[in-house]
Amino acid sequence: MDGFINDVKFGIRMLIKSPVLSLIAIVAFALGIGLTTTVFSIVNGAMYKGLPFDDADRVVSVWRVNPEREIERGGVTLYDYVEYRDQNSSLEAFGLWSNGAVNLVGADDKPERYQGARVTANMFEILRVAPVLGRGFLPEEEEPGAEPVMIIGYEVWQEKFDGSPEVIGRTVRTNGEPRTIVGVAPEGFKFPIEADMWAPLEVNPLEHDRDDGPQFPGFGRLKPGVSLDRASADFATIGLRLEAEYPESNEGFSPIVEPFTKFTIGNELHALLFTMLGAAIGVLLIGCANVANLLFARAAVREKEVAVRSAIGAKRKQIVRQLLIEVGVLSAIGGAVGVLIGIAGMAWFNRAVATNPPPFWMTFDIDGRVLLFATLASGLAAVAAGLFPALRATDKGLNEALNDEGRGSSSGLRMGRVTSAIVIGEVAVSCGLLIAAGLMIKSVAQLRTIDMPFAIENIFTARLNLPETDYPDADARTDFYREFLQRLQTTPGIEAATLSDGLPARGNGLRTFEIEGVDYPTERDYPRAREGIVTPGYFATFQAPVLEGRPFEFADTGDNLPVALVNRSFVREYFEDGVGIGKRFRIHQGNDVYDWMTVVGVVPDMKMEGIGNNDQSPAGYYIAVDQFAEILGNTVSVGARTTGDPGAMAARVRETLAALDPNLPVYDAMSMQAVIDDATWFYRVFGTLFMTFGFTALFLAAVGLYGVMSFSVSQRRREMGIRMALGAKEDRLIRFAMRRGMRQLAIGIVIGIALAALATKPLQIILYEVDARDPVIFGGVVLALALVGAIASYIPARRVSRIHPAEALQSG
Amino acid sequence: MEQGNALIRLEGVNKIFYTEEMETHALSDIDLQIRDGEFAEVMGPSGCGKSTLLSLIGLLDTPTEGGYWLNGESVSDLSPSERAEVRNRHIGFIFQAFNLIGDLTVFENVELPLIYGGVDAGTRREASQRALERVGMSHRMDHYPSQLSGGQRQRVAAARAVVGDPLILLADEPTGNLDSTNGEAVMQLLRDLHAEGSTILMVTHDPRYSAYAERTIHLFDGRITDEEAEIEALGLAQASV
Ligand SMILES: Nc1ncnc2c1ncn2[C@@H]1O[C@H](COP(=O)(O)OP(=O)(O)O)[C@@H](O)[C@H]1O
Ligand SMILES: [Mg+2]
C-alpha cells in the first residue's frame, strides 16, 4: 500500500513535469470516456434500467405471434386471455393493457388531453406498486356494467387537482363519460408506457366472436423460481391446445413470453444502440492510442530512469506497475472530466427527446451503473494505453540502456512496429467513424433541404378526439366533421382546411385491399397499401395538385357511389395499363370487405409511407371521410393553410371548436414544420451523436498522427541530418519524412473502409434517404482523412527539414 | 605532389552559438585557405571548435560572420537548397560516428548522394561499385550497416563520401570510434585517396595519425594558433593575387 501511494505521488509529479503530454492525454481520455459514458447512459436508460418496481425483472410481456401473417407482436384476444390466465402455472398474475387518449374535463371545465391506459384490475398487484392515495382497482371493476372508476397519475393529481386529498371520490368527465377517481398512482408511475390515468379494461369475451374483437398486450409476473423459458414453454403448450381446439381463430398463433420492456426496443434500435456504443468505444480507443503513442515517445526518453530503477533492484513488475499508475492518474482525471461530459451529454439528450418522451422507465441520467461503467472504462483505458509502453520501457537490456551506446536498431524497430500498428488502427477506426459521421451529415442535411411534396409553410395542424359517449356512431361524427370543417374554412386567417386521419409527414397506415378483376388465391396474396381518410380540401390545403380526374367533393357522401383517389405509385404498382381513373378496388381486410370504390382522381406521392421509410412502397390511396367515417374512428387531424403565422392559429381554432362542443380539447397544435421536425427527431438526435463521434475521432486522430509523426521524425533527426549532409534538398527530405506516415495512413484508411462497410446495416435505420454505402461520402472521407493525415505529418516533417544539418547530426 | 589554387578560403569567420542566455564563441576570426590536392588536419583539444569549423566548411552550418569562398565562388549567401546542392556535388563527409543509415544496405548508403544528385540508375550502380571497390568493401554491398564492424562501416562511409567525386573530403575524427588496427586502416585509406588526388581536411586529436597529413592547423579556443600555418596561408594568398 505504501508503495502504491508512493507510485501515485510519483505519477502526479511526472504529470506536472510534462504538462503538455499530461494535458493531451487527459483531453484524449476525457473525450473518449465522455462519449462512451454518454452513450452508455442512453443504452443504460433504454435497456438496462428496466421498470422501477420491486423485483421488476420478473415482470413479463405476453404477445401472440403469427409468422404466417407477419405478426411480430400481436395482442391477446379476450377469449385467449381468459384461457391463459386460468390455465398457466408460471405467472403469479396475468393481466392486459391498452393505450388510449383521454379527454378529461375536471373542476375547471376546461377539456384537456391526456394519455390514458386501460388495464385489468390486477395491474398494481402485478407490478407490486401501491397507490399513494385511495385504492387500486377491484376485480369486479373489470366486469361489464361496473361502476366507471379511474386512477389518476401523481402528476395529474398535482397539476389538475392541486394535490388535494379530496380528489378521491370526485367524479370527472373522461371522453364524455363520468368516472369516479378512486386512487392516485405514485410519482413517476406511467405504466404501461406514458399513461397519466387508468381505467379498468372490461373483460367481456362474449361481446365478440372468437376470431373477432380487440386484442391486447398481456403482462404478468413470473412466480418465484420460474424462468422465462419455463413460462414460455408453459404458454406454448396452452397455445398449441388453443390452436388445435379453435383452428379458425387460432391457427398459426403462438404466444411469446419476454421481459416486459423488450417490445419498446426493436431489433433495429437494439443494433443501433450497440453500434453507437461501439462507435463511442472506438473514439475511446483512439484516445487510448494517442496516449499510448505519447507514452511510447516518453518511454524512449525515460529509458535511463527505468534502468536506474532496475539497477537498484526494482523488479520489472514493480516498474510496470509504477508506469501504469502514472497512466492511471491521467485516466482518472480524464474519466472525471468524461463524467462531466456525460452529464452535459445527458442534458442535451433529454432536451432532444423531450418532444417524444420515451417510455416512463427510460430515464437518462448518470446513475450508479453509469459511474461504475465510467470507472471501469477509465481503468481499462489506462491499461490499454499504458501496458504496451510500460512493457516496452522495461524490456531493454539493462546494460544497453545504461550505456546507451548501442543506437538500437533492434529495439527501435520493434517499437516502430507497435507504434505503426497503433497508428494504423487509429486511422482505421477514425475512418470508420468519419464515414458514419459523413453519412449522418448528408442525412441531416437532406432532412433540412428536402422538398416535401406538400406545403409546409403556413400550415397549422392539430388533433381532436370525439368521445364515444357524445358521438356514438359514424353519422354523429360525420355530421360533426362537416360542420366543424365548414366553420374552419370560414374562420378568418384560414385559407383552406381539411380533416383527415393523419398528416402527410406522419405517414399513413397500411390496409389490405383487392383490385377488381384480380384473383387472389389466398388471404396472404391481397396487396397492402397506405390509406388516407380525408375530407374535401385535403389536397388544396397541402397544395398538392390533382394530376388527373378530380379531388373529393362534399357530394361524395355515404349516399353516393364510393370513390377513391390514388397516388402515382399506386397506379404504377397496381394498374398495368398505367390508367387509374375508372378502375375499381375495395378494402378487403380479413372478414371486413367493403363496397367497391371507383378511382376518380390521381394525386402525387405525398410520403404516405412516412418520412424515412425508404424501403417501403409509397403506394397509397385516399377515401372520403363522409363515406368511411366508420373506419376513421373518432380521432382526426386538423390541417389548415393560414394567411399568417400558423402558431397564432391555435387559439382561434380552439374558439371555433368550443363554439361547437365545449368539451373537446384541441391537442398537438403545431405548425407543419414542427410536425416534420417531430417526425425526424430520431434522425437528428442520433445523427448528431454520430457526427460528434466522427469529429471527435477526426480531432483525436489528427492530434495522434501529429504526435506520432513528430515523434517519429524527431527520432530520425540524425538520419535526416545525414541525408542533409549528403545533399538532400528540403522537399526531398519532407517527402522522405512523410513516407512512412502516409503508408500507415493508407493502410488505415483501407481497413477503415472495410469497418464502415460492416456497420452499414445498423446505421441504415437512422439514415434519411442516404445509402449507407454512399460512394461520395466514402470518397469524401478518404480525401478528408488523407488531407488531415498529410498535414499532420507534413508539419513535423517540414520543421525537421528546416533545422541546420549540423544541429540535426548532433542529436540522438 | 602538385598543389593547386585555394579550394577553400575563409575570411574573418566567427561562429557564436546562442543557447539559453549563454553565448559560446566557438570560432573567432578564422582566416584559412585549403589548396586543391592538400591533405590538411585540424588539431586541438576537445571543445576548441574543430567540428564547428568542419561544419562551416561543409556548409552544414552558417558562420555568424565572415566570408567563405569555395573553388573561387562565394558560398556565404546561398539558399538552403543551393547549399544542399553544393554539399551534394562538392563535399564528401566522413564522421566519427560513421553515420550510415541503418535501414539501407551498404550499396544503398553509398548510392544515396548520387540519388540526391539526380544521377541515373546505371551510372549510380557503376559509380557506387567503383567507390566500394576503392575502399575494399564491394563484397559487402548487400549487407546492412549493423552487420559490419566499425572499421568496415567507416570504409563504407568513405566510399559514400567519395562516390560523387567531391572537391574536398571532410573527415571529423574518422578514427575516433575505432580501435587502433581499424583506425590505422582507415587512415591508410585516406592517404590512398589523397594519393589519387582527393583534397582532404581531417579533424583529429590523436597525435598518432598526425603524420599522415601534410599540414597541421592548430586550433585553440576557437582561434587558429599555428603561426606557421597562418604565414603559409598568407603567403599563398599573396602568391595567388
Ligand atoms: N549547436 C551548438 N550549440 C551550442 N553550442 C555548441 C554547439 N555546437 C558546438 N557548441 C560549442 O562550441 C564549442 C565548440 O564545439 P565543437 O566544435 O564541437 O568542438 P570540438 O569538435 O573541437 O570538440 C564547444 O564549446 C561546444 O560546446
Ligand atoms: Mg568534435
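Every read-out reported here was derived from the displayed coordinates using simple, explicitly stated rules and does not represent laboratory data. Values in this document were obtained by computation on a predicted structure and should not be read as measured data. With ideal geometry, Cβ positions are generated from the backbone for all residues, glycine too; neighbour counts draw on all protein chains shown.
How fast does segment A:95-216 diffuse by Stokes-Einstein, in µm²/s, taking the Kirkwood radius from C-alpha pairs at 10 °C and 1.306 mPa s?
Values: Rh = 14.6 Å.
The estimated diffusion coefficient comes to 109 µm²/s.
Taking all pairs of different Cα atoms in the protein assembly as shown, averaging 1/r and flipping that mean, what Kirkwood radius in angstroms comes out?
On the way: mean 1/r = 0.0276 Å⁻¹.
Hydrodynamic radius (Kirkwood, Cα only) of the protein assembly as shown equals 36.3 Å.
Using mean Cβ contacts within 10 Å as the protection proxy, how do B:91-99, A:797-805, B:188-196, A:427-435 order, highest first? Kindly include the intermediate steps, with their values, before the conclusion.
Numbers: B:91-99: 23.7, A:797-805: 19.0, B:188-196: 16.2, A:427-435: 29.2.
My ranking of the peptides, most packed first, is A:427-435, B:91-99, A:797-805, B:188-196.
Over chain A, what is the relative contact order in percent, taking alpha-carbon pairs closer than 8 angstrom and at least six residues apart?
Details: 1475 pairs, mean separation 135.5, N = 812.
Worked out over chain A, it gives 17 percent.
In nm, what is the difference between 0.36 nm times the number of residues separating A:HIS270 and A:GLN446 and their Cα-Cα distance? Write out the running numbers ahead of the final one.
On the way: separation 176, 0.36 × 176 = 63.36 nm, distance 2.47 nm.
Here the answer is 60.9 nm.
So what are the ³J(HN,Hα) numbers for segment A:41-55, from phi and the Karplus equation (6.51, -1.76, 1.60; θ = phi - 60°), rounded to whole Hz, Gly and Pro as x?
4, 5, 4, 4, x, 6, 10, 9, 5, x, 5, x, 10, 4, 6
For segment A:462-554, which GluC sites (Glu not before Pro) are both in a DSSP coil and crowded by at most 15 other Cβ atoms within 10 Å?
Working: sites: A:GLU468, A:GLU483, A:GLU495, A:GLU514, A:GLU516, A:GLU523, A:GLU531, A:GLU548, A:GLU553; in loops: A:GLU468, A:GLU516, A:GLU553.
In loop regions of segment A:462-554 (DSSP not H, G, I, E or B), the sparsely surrounded GluC sites (Glu not before Pro) are A:GLU468, A:GLU516, A:GLU553.
Each label point is 7 Å from the Cα along the Cα-to-Cβ direction; what then is the distance between the points at B:ALA195 and A:GLU202, in nm?
Label at B:ALA195, label at A:GLU202, 12.3 nm between them.
Enter the Cα centre distance for the pair segment A:265-323 and segment A:704-751, rounded to the nearest angstrom.
25 Å
When the expected Rg is taken as 2.2 N^0.38 Å, what fraction or multiple of it is the alpha-carbon Rg of segment A:31-186? Write out the running numbers ahead of the final one.
Numbers: Rg = 19.0 Å, N = 156, 2.2 N^0.38 = 15.0 Å.
Here the answer is 1.27, to two decimals.
With springs only between Cα atoms under 10 Å, which of B:GLY136, B:GLY67, B:GLY102 fluctuates most in a Gaussian network model of chain B?
Maximum among the listed residues: B:GLY102.
Could you give the spread of the C-alpha atoms of chain B along their three principal axes, from largest to smallest, in whole angstroms?
Extents along the principal axes, in whole Å: 46, 46, 38.
Using the 2.2 N^0.38 Å rule of thumb for compact globular proteins, work out how segment A:500-640 stacks up: its C-alpha Rg over that value, please. Display every interim value, and only then the final one.
Values: Rg = 14.0 Å, N = 141, 2.2 N^0.38 = 14.4 Å.
The reported ratio for this selection is 0.97.
Convert each backbone phi in segment A:543-551 into a coupling constant with the Karplus relation 6.51 cos²θ - 1.76 cosθ + 1.60 (shift: θ = phi - 60°), then list the ³J(HN,Hα) values in order as whole Hz, x for Gly and Pro.
These are the phi-based 3J(HN,Hα) values: 6, 9, x, 7, 6, 9, x, 9, x Hz.
How many Cβ atoms of partner chains, on average, are near each residue of A:726-739 if near means within 10 Å of its Cβ?
Working: counts 19, 19, 7, 10, 4, 1, 4, 2, 0, 0, 0, 0, 0, 0.
Taking the mean over all residues of the peptide, I get 5.
Starting with the fewest neighbours, write out A:TYR81, A:TYR538 ranked by other beta-carbon atoms found within 10 Å of each beta-carbon.
Values: A:TYR81 22, A:TYR538 27.
If I rank by nearby Cβ atoms, fewest first, I get A:TYR81, A:TYR538.
Residues of A:799-810, mean number of Cβ from any other protein chain within 10 Å of their own Cβ, rounded to a whole number? Walk me through the intermediate numbers first.
Values: counts 0, 0, 1, 1, 0, 6, 10, 10, 4, 1, 9, 2.
So the per-residue partner count for this stretch is 4.
For A:THR469, A:THR541, A:THR680, what's the fewest-to-most ordering of other Cβ within 10 Å of each Cβ? Could you put the intermediate results ahead of the total?
On the way: A:THR469 13, A:THR541 29, A:THR680 21.
Result, fewest neighbours first: A:THR469, A:THR680, A:THR541.
Between A:ASP162 and A:ALA659, what is the spin-label point distance in nm, taking each point 7 Å from the Cα along the Cα→C-beta axis?
About 3.4 nm separates the two model spin labels.
Using only alpha carbon pairs under 8 Å that are at least six residues apart, calculate the relative contact order of segment A:500-640 and give it in whole percent. Can you show the working numbers first?
Numbers: 289 pairs, mean separation 52.4, N = 141.
It rounds to 37 percent for segment A:500-640.
Quick one: among B:VAL162, B:VAL119, B:VAL110, which has the greatest mean-square fluctuation in a GNM of chain B with alpha-carbon springs under 10 angstrom?
Among B:VAL162, B:VAL119, B:VAL110, the largest GNM mean-square fluctuation belongs to B:VAL119.
Simple spin-label model, 7 Å along Cα-to-Cβ: A:LEU240 to B:GLU82 in nm?
If labels sit at A:LEU240 and B:GLU82, their model points lie 9.7 nm apart.
In whole percent, what relative contact order does segment A:95-216 give with Cα contacts below 8 Å and a gap of six or more residues? Walk me through the intermediate numbers first.
On the way: 240 pairs, mean separation 41.8, N = 122.
Result for segment A:95-216 is 34 percent.
Can you give the angle from 0 to 90° between the axis of helix B:106-116 and the longest principal axis of chain B, with both taken from C-alpha atoms, to the nearest 10?
60 degrees
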